[in-house]
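Presented below is the structure to which this report refers.
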Amino acid sequence: MTKKSLDKILYVEDDADIAEVTIMTMQELGNFNVKHCISGKKCIEEVVKFDPDLIILDMMMPDMDGIETLHQLKTIEIVKDIPVIFMTAKMQNHERQSYLNEGAIGVIMKPFDPMKLCDEIRKIWQDNNKG
């Protein structure tokens, strides 16, 4: 069951410059409590301790990409139902649907507009929590 309120976001991004802008945006404009991980491996290590409401995963990361990280998360019983949004710079039309088929609740394209990012996150969250 998905939590109805959105406060804590576990954000996984290996690019330091992108991460800095994204974290600042989510904290300052969205008032989110954000924990940043630089890799899928670090995400797996931190997710249970942080207990996020939402996970935002970069698609293109060394060692373990976003899909592989999501698959690993789904094997951890206590966190397997935490919603995931993929964030990617490279996406063809058919790829968006394949990411959703993998279990993501949404996909955010990079580069994104920092002024609209938090609204986009909230919209995806709310669309996932209808009903």
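Miscellaneous remarks
- For Rg and Dmax of the Cα atoms in Å, calculated from these coordinates, the label among [x] 13.8, 41; [y] 15.7, 48; [z] 13.3, 38: [z]
- Lys/Arg +1, Asp/Glu -1 at C-beta; the chain dipole; positive extreme among I55, I67, I78: I78
- Residues in the range 48-91 average 46 Å² of solvent-accessible surface per residue, probe 1.4 Å, ligands and nucleic acids excluded.
- Within straight-line cross-link reach of K35, lysines at Cα separation under 17 Å, skipping those fewer than 8 residues along the same chain: K8, K49
- For G103, residues with placed amide H under 5 Å, excluding near neighbours: none
- Packing-based ranking, highest mean first, of 119-128, 46-55 given that Cβ atoms within 10 Å are counted: 46-55, 119-128
- Gaussian network model of the chain, springs between alpha carbon atoms under 10 Å - residue of G66, G30, G40 with greatest fluctuation: G30
- Across the range 81-99, the residues whose backbone nitrogen lies under 16 Å from the label position 7 Å along the beta-carbon direction of D14 are 87-90.
- The chain - charge dipole about Cα centre, Lys and Arg +1 at Cβ, Asp and Glu -1, debye rounded to 20: 480
- Computed 3J(HN,Hα) for the range 57-63, one whole-Hz value per residue from the Karplus formula 6.51 cos²θ - 1.76 cosθ + 1.60 where θ = phi - 60°, is 10, 5, 7, 9, 9, x, 6, glycine and proline marked x.
The values are calculated or read from the model by the stated rules, or taken from the named source; none is laboratory data. As the structure is a computational prediction, the values presented were derived from the model and not from experiment. Every residue, glycine among them, receives a Cβ derived from its backbone with ideal geometry; neighbour counts consider all protein chains shown. For the accessible areas, the whole protein counts, side chains as well, though only heavy atoms, and no ligand, DNA or RNA atoms are used. Shrake-Rupley method; radii C 1.70, N 1.55, O 1.52, S 1.80 Å.
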